[in-house]
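Novice: The structure follows.
The values are calculated or read from the model by the stated rules, or taken from the named source; none is laboratory data. Keep in mind it's a predicted model, so treat the numbers as computed, not measured. Neighbour counts are summed over all protein chains in view; Cβ atoms, including those assigned to glycine, are modelled from backbone coordinates with ideal geometry. These area figures cover heavy atoms from the full protein model, side chains too; ligands, DNA and RNA do not enter into them. Shrake-Rupley method; radii C 1.70, N 1.55, O 1.52, S 1.80 Å.
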Amino acid sequence: MQASRQPALFVSHGGGPCFFMDDTRGPFRDMNKDSDTAQWFRDWFSAGGALKAYGKPSAILVISAHWEEDVPTIIDREDHELYYDYYGFPDATYELEWPAKGSPPLVSRVEELLETHELPLKKEKKRGLDHGVFIPLKLALPDADVPVTQLSLLSSLSAEEHVRLGLALRPLRDEGVLIIGSGQATHDLRGMDLAARPGDAAGPYAAFVEWLDATLINPEVSDEDRLAAIVEWEKRAPGARCVRLTRTQAWNPNPNPSPNPNPNPKGRAPPRGAPSAAVRDRRRRGRPEGGRARRRVSG
């Protein structure tokens, strides 16, 4: 895999399939197919786009917030299916297609790098790409002309363990592989003010994002100091546990439920009408046999 050196990115993939919807409401309003963010993804490899200077990568490795395993696990398939791991959205959003190809050479290279760093790797043959992968990449690469695969997070959510994993993967950038982290910088469902504009990032949210930017992208911060800050983010970042909740807090936005709790156990808006059998089948596609959507921190 020889190509120009690629960046490592972290992107917000928005709320579910919002960038393929005509309109979204609540905390994700203005995050639709006509939004500036959707256009930013579409422009990645065009003139003036965020990634134009790097050229198209030889392959893409995505680490999505929507997949956790006990050990690093990579999707090892030549042809991907999509895992529609979102709920309560219009039926059309479960008909989205993105015919991405896998990359056996990338899987082998990741295995080699992790072995060098004495890290295990498990291969997954059944899981599909979740929406943290296919939503942003369908915008950026509608023709799916770059091979891609997905690597899990660790269910420990240990910052130190993830830094170690990231250091092991770093050589991929010099081999033309684009590495993408996909999720959201903040995720506090209890603190969402449905009456506020999405840009009103007040209080601890703004302070946390400011700290994150200063820590991760400030060229004056040394690699040593950057890594130390990431490992100790819960101690150093202002409002850390206010904007990054535990799994239980994140998926139970109302800590004191009323006598008539939300009938949707995932805490999302209820579906607009009962889905058809075809749509229910589409939702299951790409999900490992017997698997369920896991509870997780990121969005």
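Novice: Could you tell me which residue of region 35-48 is least open to solvent (accessible area, probe 1.4 Å), considering only residues that are among the polar types (S, T, N, Q) and without any contact (Cβ under 8 Å) to a residue 24 or more places away in the chain?
Specialist: S35
Novice: Can you confirm whether region 172-179 contains a residue that is within 28 Å of G48 (Cα to Cα), touching a strand residue (DSSP E or B) at 6+ places or on another chain (Cβ under 8 Å) and either in a helix (DSSP H, G or I) or at pLDDT below 95 (or both)?
Specialist: Of region 172-179, the ones within 28 Å of G48 (Cα to Cα) are 172-179.
Next, only the ones that are touching a strand residue (DSSP E or B) at 6+ places or on another chain (Cβ under 8 Å) stay: 172-173, 176-179.
In the following step, the residues that additionally are either in a helix (DSSP H, G or I) or at pLDDT below 95 (or both) were identified as 172-173.
Scanning region 172-179, I find at least one residue that is within 28 Å of G48 (Cα to Cα), touching a strand residue (DSSP E or B) at 6+ places or on another chain (Cβ under 8 Å) and either in a helix (DSSP H, G or I) or at pLDDT below 95 (or both), so the answer is yes.
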